[in-house]
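Below is one structure, written out as structure tokens; the observations come after it.
The values are calculated or read from the model by the stated rules, or taken from the named source; none is laboratory data. Please read all numbers here as calculations on a predicted model, not as lab measurements. Reconstructed Cβ throughout: ideal geometry from the backbone, glycine too, with neighbour counts over all protein chains shown. Quick note on the areas: whole protein, heavy atoms, side chains included, nothing else; ligands and nucleic acids left out. Shrake-Rupley method; radii C 1.70, N 1.55, O 1.52, S 1.80 Å.
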Amino acid sequence: MSPLAAGDDGEPLIRWEWISNNLTDDIAEALREHLILSFTPVLLGFLVSLPLGLACARWKRLYQPTLAITSILYALPAIALFVILIAFTGLTYTTVVVPLTLYTLSVLVPGVVDGLAAVPDHVRQAATAMGFGPLRRLLQVELPIALPVVMAGLRVATVSNISLVSVGAIMGLGGLGQLFTTGLQRDFPTPIVVGVVLVILLALLSDLILLGIQRAFTPWERAGGTRRRKTADQAALPGGGAA
Amino acid sequence: MNAIFDALSWFGESGQWSGPDGIPSRLAEHLWYSLLAFLITVAIALPLGLLLGHVRHGRLAGVVGFVVMASANAARALPTLGLLILAVVLTSAGDLVPILIPLVILAVPPVLVNTYAGVQQVEPGLRDAAEGMGMTGVQVALRLEAPVALPLILLGLRTAAIQIISTATLAAYVGLGGFGRYIMDGYARQEYDQMAGGAILVAVLAVLVQLLFALLRRFVVSPGVRLQTGS
């Protein structure tokens with residue numbers, strides 16, 4: 001592929017030799033940091049939002065206040081939280097992980113509650129009639145049925161986190177975002193293009209893997225019957241994270 | 001907690017509320033970038049969503065639906081900072097264009113997807129009734145579909161607005177103004193109170209926009225539609 005001309009100084013959009021020269025140290029290191037910084041919050045957020053969502057579904061009175069808090073958390077710009085946290089956690093991974101965990105919560109808690117609320121009443125009653133206790137009913141009936149909605153939330157949170165991590169580059173904690181700041185400082189597009197492409201690939205790959213997991217765990221969704229419900233659920237989810 | 005009090009006392013310092021580096025003029029800059037990006041976004045995404053929502057039958061409908069949904073996913077994956085810096089490095093255009101490009105790219109998909117989904121979800125029976133009453137295509141779109149789709153459209157607009165407000169902070173990173181100026185300058189000079197002050201201002205602005213849209217929803221969504229969507 002011939003280098004695409006760009007910029008007023010004739011600098012190509014991509015210099016392939018820069019990529020091969022920096023592949024093993026700069027790029028690989030940035031990618032490693034990016035993976036840690038984006039997946040730790042997803043994992044933590046998932047672990048917290050599951051019990052929180054269950055509690056909200058069980059005690060309905062908790063839901064409205066929780067929803068109000070998560071919708072405010074959702075609106076808070078990640079960069080603002082990064083900056084405020086520096087005073088408490090310094091320039092460490094924690095400064096990036098905490099805001100992104102909060103963001104994950106703001107997407108996942110409504111997902112868990114809505115997913116559980118979507119379990120039809122007759123299914124719940126049938127499970128009870130078959131002698132399922134509350135815990136077994138939750139694990140074997142309600143959670144599996146809620147899974148597509150929960151997974152939709154998890155996918156949104158994962159993909160958004162992957163792109164939000166790069167904002168941390170402003171404080172030197174941005175994984176692949178470091179490539180952007182390198183490019184700006186040197187007025188050199190190649191690292192920026194590499195960073196953007198890798199972030200997008202990482203996000204799409206993670207999304208596909210999560211989709212695969214979801215499909216593996218919900219074989220009945222593919223068997224027909226309750227088709228055509230999912231698109232509406234996904235559309236109603238808020239899109240993307242706030243930088 | 002001391003750090004937070006330092007940041008709060010920053011708001012009380014003299015000179016903070018006037019001059020080109022004062023909070024009012026930074027607010028005006030921030031709102032100016034955001035409003036411009038928001039208007040461009042709405043001008044592109046709203047008519048497109050209303051139009052595409054009409055493609056309901058045949059193979060084309062499947063393709064349109066897939067492309068619209070995929071655009072939403074792809075938009076979430078886009079690293080805004082990267083797009084912004086790339087736009088700055090590549091363009092030699094005036095100051096404002098590089099920041100508007102990523103803001104609009106980021107904000108179009110939520111508006112597009114929600115408008116599209118909102119129009120698609122209008123019950124066929126309602127549409128038949130409207131046509132039976134003799135409404136023309138344009139009348140059906142404006143008097144029936146737009147009001148029924150309004151809750152979802154507002155959700156899309158709110159998401160877009162919040163993302164624009166948050167992301168406009170990054171404008172300062174490439175030399176423009178706005179509240180991000182405090183964060184970038186504070187970071188460069190290692191003045192935590194200024195950084196945190198800027199961060200608090202952006203956060204407050206974003207939350208205010210969130211509340212504004214909650215109010216807007218209360219006032220502009222038709223009571224009948226509100227009952228249906230259960231809020």
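Key figures for this structure:
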{"item": "Members of the stretch B:180-218 that are surrounded by fewer than 20 Cβ atoms within 10 Å (Cβ to Cβ), more than 8 Å from every other protein chain (Cβ to nearest Cβ) and either under 13 Å from B:A168 (Cβ atoms) or not aliphatic (A, V, I, L, M) (or both)", "result": "B:D185, B:R189, B:Q190, B:E191, B:F213, B:R217, B:R218"}
{"item": "Single match in B:L84, B:L78 (criterion: over 16 Å from the mean Cα position of the chain (by Cα) and at pLDDT 85 or above)", "result": "B:L84"}
{"item": "Any chance B:L78 is crowded, with 16+ Cβ neighbours inside 10 Å, more than 9 Å from every other protein chain (Cβ to nearest Cβ) and touching a residue at least 24 places away in the same chain (Cβ under 8 Å)", "result": "no"}
{"item": "Residue count for the stretch A:55-81, restricted to those that are open to solvent by 50 Å² or more (accessible area, probe 1.4 Å) and either touching a residue at least 40 places away in the same chain (Cβ under 8 Å) or in a helix (DSSP H, G or I) (or both)", "result": "10"}
{"item": "Complete set of residues in the stretch A:172-223 that are assigned to a loop (DSSP other than H, G, I, E, B) and open to solvent by less than 20 Å² (accessible area, probe 1.4 Å)", "result": "A:L173, A:G174, A:G175, A:L176, A:T218"}
{"item": "Residues satisfying the stated conditions in the stretch A:82-92, i.e. without any contact (Cβ under 8 Å) to a residue 40 or more places away in the chain and facing chain B (nearest Cβ under 8 Å)", "result": "A:I84, A:A87, A:F88"}
{"item": "Any chance A:I84 is β-branched (V, I, T) and surrounded by fewer than 15 Cβ atoms within 10 Å (Cβ to Cβ)", "result": "no"}
{"item": "Pair list, Cβ under 7 Å, 6 or more apart: the stretch A:101-127 residue under 18 Å from A:V156 (Cα atoms) and part of a helix (DSSP H, G or I), other residue open to solvent by 20 Å² or more (accessible area, probe 1.4 Å) and β-branched (V, I, T)", "result": "A:L105/A:V48; A:V109/A:T66; A:G111/A:V149; A:D114/A:V149; A:G115/A:V149"}
{"item": "Single condition A:P51 does not satisfy, out of (1) touching a residue at least 24 places away in the same chain (Cβ under 8 Å); (2) closer than 30 Å to A:P148 by Cβ", "result": "(1)"}
{"item": "One residue from B:E131, B:E123 being within 14 Å of chain A (Cβ to nearest Cβ) and open to solvent by 70 Å² or more (accessible area, probe 1.4 Å)", "result": "B:E123"}
{"item": "Failed item, numbered, when B:I101 is tested on (1) farther than 27 Å from B:M184 by Cβ; (2) open to solvent by 30 Å² or more (accessible area, probe 1.4 Å)", "result": "(1)"}
{"item": "Filter pass, B:R26 being open to solvent by less than 40 Å² (accessible area, probe 1.4 Å) and on the phi < 0 side of the Ramachandran plot", "result": "yes"}
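Quick grid of which residues meet (1) within 11 Å of chain A (Cβ to nearest Cβ); (2) in a loop (DSSP other than H, G, I, E, B):
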residue	(1), (2)
B:A3	yes, no
B:S14	no, yes
B:L27	no, no
B:L31	no, no
B:S34	no, no
B:T41	no, no
B:A72	yes, no
B:L83	yes, no
B:L106	yes, no
